[in-house]
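Working notes, structure below.
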Amino acid sequence: MSRAMFRETHTRSIAKAISWRVLGSMATMLLVLVFTRRLALSLAVGGIEFLAKIGLFWLHERAWDRLRFGKREIAPAVVWLTGLSGAGKSTLAVWLGDALRKRGFRVECLDGDAVRAIFPQTGFTRVEREEHLRRIGYLASKLEQNGVFVIASFVSPYESSRQFVRGLCRNFIEVYVSTPLAECERRDVKGLYARARRGEIRNFTGIDDPFEPPSRPELTVDTSALSVSEAGTRILEYLEQRYLRG
């Protein structure tokens, strides 16, 4: 669990102190009763102990909460999934986002299709793509600076754009989803590849617009050879080794 994301509140400390002292005081009262056979004395001793120690426990918890000793801040990262349309980026992003949230981290998923749905005027020429990705990269870097893990799934076909985003982020993990073009076309339920091959769609990555594979990605996964959980687990293990261990 991420200790950088959460802080012990006064209410939680009080609740923990009360629950612990109820158990402790009951044990004390039982011992006094066993040894003295005096119910009134056992109740009095237990009550005094309860009030005294609950205050000491609360002070102890608050003092430790303010000490940095033994704490390791969890540094968030930007996981950038790049690959052809239909490679499995969005599905993988959802799996990874769920896995990180279950561990208690704040996560934001930025998906290419979802963002374009909000800004449908965004074009597909190289200049327009690069401007679009620079804006997304800036947003991702700001989320990361505020303690949020970002999972970005964009075709992002140009090396220069991805390197620009890398330069904005503190911890940038480039994941090349290297699913082959033939498999991406087979999965294409919207028929976009077929339309692109007929010339109905221009500047379609992999058909009439190039995809520049990452030169040095942190990870490469092929969803035609790996299941979503297998590919996601590889990314999660990478994060575990470098960022998530407390």
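Less than 12 Å Cβ to Cβ from Pro210, Lys/Arg counted +1 and Asp/Glu -1: what total charge do the surrounding residues give? List each step's numbers first, then the result.
Details: positive: Arg126, Arg129; negative: Glu159, Asp208, Asp209, Glu212.
After counting each charged neighbour, the total is -2.
Convex hull over the Cα atoms of the range 10-66, averaged projected area in nm²? Mind showing how you got there, number by number?
On the way: hull surface 14.7 nm².
Directional mean of the projected Cα hull area for the range 10-66 stands at 3.7 nm².
Take the Cα atoms of the chain, build their convex hull, and give its volume per residue in Å³. All intermediate terms of the calculation are to be shown ahead of the outcome.
Values: hull volume 41.6 nm³, N = 246.
Convex hull volume per residue, Cα atoms: 169 Å³.
Provide the gained length on full extension for the span Val127 to Arg37, in nm with one decimal, where the gain is 0.36 nm per separating residue minus the Cα-Cα distance.
Values: separation 90, 0.36 × 90 = 32.40 nm, distance 8.71 nm.
Additional length available on full extension: 23.7 nm.
Using a 10 Å cut-off around each Cβ, can you sort Trp58, Trp80 from fewest to most neighbouring Cβ atoms?
Trp58, Trp80
Most fluctuating residue of Ala152, Ala225, Ala99 in a GNM of the chain with Cα springs under 10 Å: which is it?
Comparing Ala152, Ala225, Ala99 in the GNM, the peak value goes to Ala225.
Give, as ranges by residue number, the residues of the range 81-109 whose backbone N falls under 17 Å from the point 7 Å along Cα→Cβ of Leu139.
Only 81-82, 90, 93-94, 107-109 pass the distance filter.
What is the angle, in °, between the Cα long axis of helix 39-66 and the longest principal axis of the Cα atoms in the chain? Nearest 10 is fine, range 0 to 90.
So the inclination is approximately 30 degrees.
In debye to the nearest 20, how big a dipole does the range 78-244 give about its Cα centre with +1 on each Lys and Arg Cβ and -1 on each Asp and Glu Cβ?
On the way: 24 positive and 22 negative charges, 66 e Å.
Here the size comes out at about 320 debye.
Give the Rg/Rh ratio for the range 160-246, taking Rg as the radius of gyration of the Cα atoms and Rh as the Kirkwood radius, to two decimals.
Result: Rg/Rh = 1.05.
Expressed as a rounded percentage, what relative contact order does the chain have, with Cα pairs under 8 Å and six or more residues apart? It would help to have the intermediate numbers written out before the result.
Values: 330 pairs, mean separation 61.6, N = 246.
Worked out over the chain, it gives 25 percent.
Give me the three principal axis extents of the range 44-114 from the C-alpha atoms, as integers in angstrom, largest value leading.
Reported extents, whole Å, longest axis first: 72, 25, 17.
Count the net charge of all other residues whose Cβ sits under 14 Å from the Cβ of Leu226, scoring Lys and Arg as +1 and Asp and Glu as -1. Walk me through the numbers on the way to the answer.
Details: positive: Lys89, Arg234; negative: Glu183, Asp222, Glu230, Glu237.
Its environment carries a net charge of -2.
Between Ser215 and Ala15, how many nm apart are label points set 7 Å from Cα along the C-beta direction?
Result: 5.3 nm between the two label points.
In what sequence, highest mean first, do 201-207, 117-123, 60-66 appear when ranked by Cβ atoms within 10 angstrom? Show your work: numbers first, answer last.
Details: 201-207: 17.6, 117-123: 8.9, 60-66: 12.3.
So the peptides 201-207, 117-123, 60-66, ranked by packing, come out 201-207, 60-66, 117-123.
Report the label-to-label distance for Arg198 and Leu30 in nanometres (one decimal), using points 7 Å from each Cα along the Cα→Cβ vector.
Inter-label distance under the simple model: 7.8 nm.
The numbers here are math on the coordinates, done by the rules we state, and not lab data. It should be emphasised that the depicted structure is a prediction, and the values quoted were computed from it without experimental measurement. When we count neighbours, we look across all protein chains shown, and the Cβ atoms used for this are built from the backbone with ideal geometry, even at glycine.
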